[in-house]
1. Would you calculate the separation in nanometres between label points at LEU52 and GLU288, each defined as 7 Å from the Cα along the Cα-to-beta-carbon direction?
2. Sorted by average packing, counted as other Cβ atoms within 10 angstrom per residue and highest first, what order do 350-356, 174-180, 66-72, 161-167 take?
3. Principal axes first, then extents: for the Cα atoms of the chain, list largest minus smallest coordinate on each axis, whole Å, largest first.
4. Shape verdict for region 158-229, please, from the Cα gyration tensor: rounded (a/c under 1.5), prolate (a/b greater than b/c) or oblate.
5. Sort ASP294, ASP153 so that the residue with the fewest other Cβ atoms within 10 Å of its own Cβ comes first and the one with the most comes last.
6. Find how much the distance from ASP39 to HIS318 grows on full extension, using 0.36 nm per residue of separation minus their present alpha carbon separation; answer in nm with one decimal.
7. Going out from 0 in 10 Å bins, what whole percent of all Cα-Cα distances in region 120-275 drops into each bin?
8. What is the extension gain from GLU357 to GLU176, computed as 0.36 nm multiplied by their sequence separation minus the C-alpha to C-alpha distance, in nm to one decimal?
Amino acid sequence: MNYYKTTKPFLSTLLLCALSLNTSFSQSPKSLKSVYQEDFLIGTALGVEHILEKNEKANLLIKREFNAITPENIMKSQLIHPSEKSYNFEIADKYVDYGYKNKMYVVGHTLVWHSQLPAFVGKIKSPDSLRIFMTEHINTVAGRYAGKMNSWDVVNEALNEDGTLRKSVFLNLLGEGYIKEAFDLAAKADPKAALYYNDYNIEQPAKRKGAIEIIKKLQASGSKIDGVGIQGHWSINSLNLKDIEESIIAFSQLGIKVAFTELDLTVLPNPWDLRGADVNQRFAEKPELNPYKDALPDSVQTTLANRYADLFKLFLKHRDKISRVTFWGVDDRHSWLNGFPIRNRTNYPLLFDRELEPKKAYQAVINLKISK
Ligand code: 9MR
C-alpha cells in the first residue's frame, strides 16, 4: 500500500486544523511581512549573532517575518572605521550579503552621528580635519555598498529636544552646513540609495519643527533627501498618537516618505519621565524599577498588545505615506532596553518573547489585517 496516498488526506486535515487555530508560531500561516505586504515594509534590527546566523530559530523567524533589515551597531563609525586609515568591513559585508541573499530591503545605519565615534575623531580640533574624516568616511562606506544598499540613515540625531541643532563635534567645527555636506556626499557615493534623516522624539512638536527645518533647508538648497526616520522608542504608558499622526502628515507634506525606524515600546517604569534614546542617559539600578524580573503579568501583556494595535491602526490609516516600520531588535532578550536607561532590567518591548515565540502583541498586529 502506498503510505503517502493513504495518509495524505489525514495529514492535510490535520494541517488545516492547525492553521485555522493559528495559535502557535510554528503553525502560523501568516507573517508580519506577508500581511503588511501591500502597506509598508516590516523590518528588524540585526545584531552580529543574527547576521552570522548563529541561532536557527531566530534565523527562520527573521526570514519569515521581516522584509527589511537595519544593522543595530556594526555600521556605526566606531566599529566600521576604528582608526583613521582602517576600516572593518567583515561583518558589514556579511550583513549586506544576508539582506541581498534573502531579498530584503537593506538599510545602512548610520553615516554621521555624534555618538559612537571612533577615538581618533575625538582628538580632531580643526574643521579641515573633521571634513576630511566625514568625506572619506562617507565615500568609503557608502561607496562600498553602492547599488546594494536600499537606504541610508545619513545623519542621525542632529537635534536637541527644543528643536535647535545639537552642539555636536560636527556642528561645532563645521557649522550647520555639515548636514547638507553629508547628504550631498551620500548622494554622490550611492546615487541609488534612499537618503533619510533619522532621529528620536521628532514626533514631538518642538523637535519636529527642528526636523522640518532641516528637511526644508536641504530641499531648498537642492540636496537629495527621500525620507525621515521617526525612531519610535516609546512607552506603553505615554504613547502619544496625536503627535505621531500630526508628524506623519507634516513630514509627508514635505514630499518625503516617513519611516518608523527603531520601534519598541518599553513596559518598565521611567520615574524621571525619561523619553527617547539619548544613550548618555543612565540611572542607578533599583529593584522597584525592575518589576517584571521573572515574567510579564497578563494585564501588561494585554496593554502592550493594545498599544501596538493602536499604533499599527494609525500606520495603516497613513499607509500611503509610510515606507517602512522597523522594530529595534528581533526579540525581547535582544532588546537594548534591558540595559537602558538602567542596566540589568528585564524588559518586554517587542513582538517576540525570549524564547522567540510570538506574543499577544504579535497577534494583535497580525489581526488588524486578517480580521477584516
Ligand atoms: O541598540 C543600540 C545599542 O546596542 C548600542 O549600545 C547603542 C549605542 O551605540 O545604540 C543603540 O541603538 C541606537 C541607534 O543606533 C540610534 N538610535 C537610538 C538607538 C538606541 O539607543
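We did not get these values from a lab; they are worked out from the coordinates using the rules stated. In this text the structure is predicted, and so the values were computed from the model without any measurement. Counting neighbours? That spans all protein chains shown, and the Cβs are built from the backbone with ideal geometry, glycine included.
1. Between LEU52 and GLU288, the simple spin-label model gives 4.2 nm.
2. In decreasing order of mean packing, 350-356, 174-180, 66-72, 161-167 become 66-72, 350-356, 174-180, 161-167.
3. Cα spread of the chain along its principal axes, largest to smallest: 80, 49, 39 Å.
4. oblate
5. ASP294, ASP153
6. On the way: separation 279, 0.36 × 279 = 100.44 nm, distance 0.91 nm.
Result: 99.5 nm gained on full extension.
7. Cα pair-distance distribution for region 120-275, in percent: 11, 37, 34, 16, 2.
8. 60.6 nm
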